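Presented below is the structure to which this report refers.
The values are calculated or read from the model by the stated rules, or taken from the named source; none is laboratory data. Values in this document were obtained by computation on a predicted structure and should not be read as measured data. Neighbour counts run over all protein chains shown; Cβ positions are idealised from the backbone, glycine included.
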There are 2 protein chains.
Amino acid sequence: MSKQAEFAVILKMNPMFADLGADELQRLSNLCHTQHLGNGEVLFQKGDPGDALFGVRRGQVRIETGASDGSRLTLNFMGSGDLFGEVAVLDGQNRTADATAGEASELFVLRREDFLGFLEREPKVAIKIIALLCQRIRWQSERMEESMLQPLPVRLARRLCALAADFGSEVHISQEQLGVFVGAARESVNRQLQAWRKDAILDLQRGRILLRNMTKLTAIARNE
Amino acid sequence: MSKQAEFAVILKMNPMFADLGADELQRLSNLCHTQHLGNGEVLFQKGDPGDALFGVRRGQVRIETGASDGSRLTLNFMGSGDLFGEVAVLDGQNRTADATAGEASELFVLRREDFLGFLEREPKVAIKIIALLCQRIRWQSERMEESMLQPLPVRLARRLCALAADFGSEVHISQEQLGVFVGAARESVNRQLQAWRKDAILDLQRGRILLRNMTKLTAIARNE
DNA sequence: AAAGTTATGTGACTTATGACACACTTCTCC
DNA sequence: GGAGAAGTGTGTCATAAGTCACATAACTTT
């Protein structure tokens, strides 16, 4: 499979490009480049202009932010097939976090200028994207309120499920970081995790959480 | 001033159209129609297709939702010069609330099909709109978390300031509705308002709040 | 291996807010 | 003008979660 065809598949998996036609998708993926990163190499930093969208061909990229006190906080892990920077490439705003390769990686790169040129030539695609962004706006405002108003166990369960999608059942994250994610105190997170450990939903290790019973966890995430 | 020119002014005040060029704006506002509503007349209802964007030329339109228990809840008041339905017109999703004229009103109407046709002919405008939607997505996700995590006094003060922008210093709203707005119990709202009354920040009447000291209120809204 | 550093576990206390209960007031409508 | 509805004011209590204060455990560095 050609590089471009591979990229097209990744694009297609992302909701933002999911309903483009095969022909549109092909013309778009023809604009891509690739880029190699060594282990630990920095892809971009907070404040850099958002001049491209990336797809992970192989490897892993960590999205992280340097908190004001100097401690680093990992926000997300992008693995093979993941796409990131879709919003940045559309509006050109500066990056709001850092991205570093967690291992030697190869990325697809779609440059902003190329993408905008494409949209200008294909206004129908632009309109599809507009509809999609609107959907995201609605979705965001519905979900957001909903999720912040949930009690901590629900928020925590949701976050763990999301992390499980990236890590599998062995989530490697500190309870402190989890606390920041769900907007809660570290102690509260710990107490909840302990309770779940007693219920055999998970096991705890230093810097690591082993999900034992995803069924129960997702049930909690759905708020019964 | 022509009807179209008047509409152009309203569009220009809305961030979504603020950075269109004068020529683009003019071509866009040429697509508008007008519509008259009698007092109490229904403009659209929840579930109707979002097939147009509206601007209030004169009069007042209430955006409200019928809560599941049958009680109506006013979400917003659109007065002269206000624009609403910008998102609906872009993505065509169904209305999520009802709109009723609070008095005899005249509205500018920009139909979805006309607007999409315009975007297709002017891809540069589509791209500007895309950038704007992206900005809104970012803004929303930043603000949302921030605002839901604030203590009630801050959320309440913010909401009052926002309402003051529509109503002036005499906000006419029940404490119950205020409670729904800020996501708090009616009683908690009442207690906070009482405290502020003692501090001479505001006065209370049945169904009405008189803002006495906006300076202090905005200070609270900024969270000191 | 000793010392320091980071992550985790847990108890005691405080605080904000929701929930319920009820009195009181002002409107509305017949 | 009386009855009921809708809005408001307040007391009491329960609860979730934050804060503080340590104890302990696990990794790191020298």
Sort out which residues of region B:98-112 are within 22 Å of A:R138 (Cβ to Cβ), part of a strand (DSSP E or B) and either basic (K, R) or touching a Cys at 6+ places or on another chain (Cβ under 6 Å) (or both), and write them in order of number.
B:L110, B:R111
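From the residues in region B:118-171 that are among the polar types (S, T, N, Q) and closer than 30 Å to B:D199 by Cβ, which one is nearest to the other protein chains (Cβ to nearest Cβ)? Quick ask: steps written out before the conclusion?
As a first pass, look at region B:118-171 and keep what is among the polar types (S, T, N, Q): B:135, B:140-141, B:147, B:150, B:169.
Retained after the next criterion (residues that are closer than 30 Å to B:D199 by Cβ): B:147, B:150, B:169.
Values: B:S147: 9, B:Q150: 11, B:S169: 28 Å.
Per the criteria, the residue is B:S147.
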Hey, B:A221 within 30 Å of A:P151 (Cβ to Cβ) and either modelled with pLDDT under 95 or in contact with a strand residue (DSSP E or B) (Cβ under 7 Å, 6 or more places away or on another chain) (or both) or not
yes
Please verify whether B:A184 is over 21 Å from the mean Cα position of the chain (by Cα), among the hydrophobic types (A, V, I, L, M, F, W, C) and more than 8 Å from DNA strand D (Cβ to nearest atom), treating the condition exactly as stated.
no
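Being under 22 Å from B:Q150 (Cα atoms) and either more than 8 Å from DNA strand D (Cβ to nearest atom) or over 24 Å from the mean Cα position of the chain (by Cα) (or both) is the filter here, so list the residues in region B:191-208 that pass it. Quick ask: steps written out before the conclusion?
So the first thing to find is which residues in region B:191-208 are under 22 Å from B:Q150 (Cα atoms), and the list is B:191-197, B:199, B:201-202.
Once the filter is applied, which keeps residues that are under 22 Å from B:Q150 (Cα atoms) and either more than 8 Å from DNA strand D (Cβ to nearest atom) or over 24 Å from the mean Cα position of the chain (by Cα) (or both), region B:191-208 yields B:R191, B:Q192, B:Q194, B:A195, B:W196, B:R197, B:D199, B:I201, B:L202.
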When you scan region B:169-181, do you find a residue that is more than 14 Å from DNA strand D (Cβ to nearest atom), modelled with pLDDT under 90 and within 19 Å of B:L75 (Cβ to Cβ), even just one?
no
Confirm whether B:F108 is under 24 Å from B:G183 (Cβ atoms), more than 9 Å from every other protein chain (Cβ to nearest Cβ) and either under 19 Å from the mean Cα position of the chain (by Cα) or basic (K, R) (or both).
no
So in region A:30-74, with the set limited to residues that are within 14 Å of another protein chain (Cβ to nearest Cβ) and modelled with pLDDT of 90 or more, which one is nearest to DNA strand C (Cβ to nearest atom)?
A:G50
Looking at (1) at pLDDT below 95; (2) of a type in the set (A, V, I, L, M, F, W, C); (3) away from DNA strand D (no atom under 16 Å from the Cβ), which one does A:L110 not meet, given that it meets all the others?
(1)
Of all strands (runs of 3 or more DSSP E) fully inside region A:1-95, the set with 2 or more residues that are of a type in the set (A, V, I, L, M, F, W, C) and under 17 Å from the mean Cα position of the chain (by Cα) is A:42-44, A:52-58, A:61-66, A:72-78
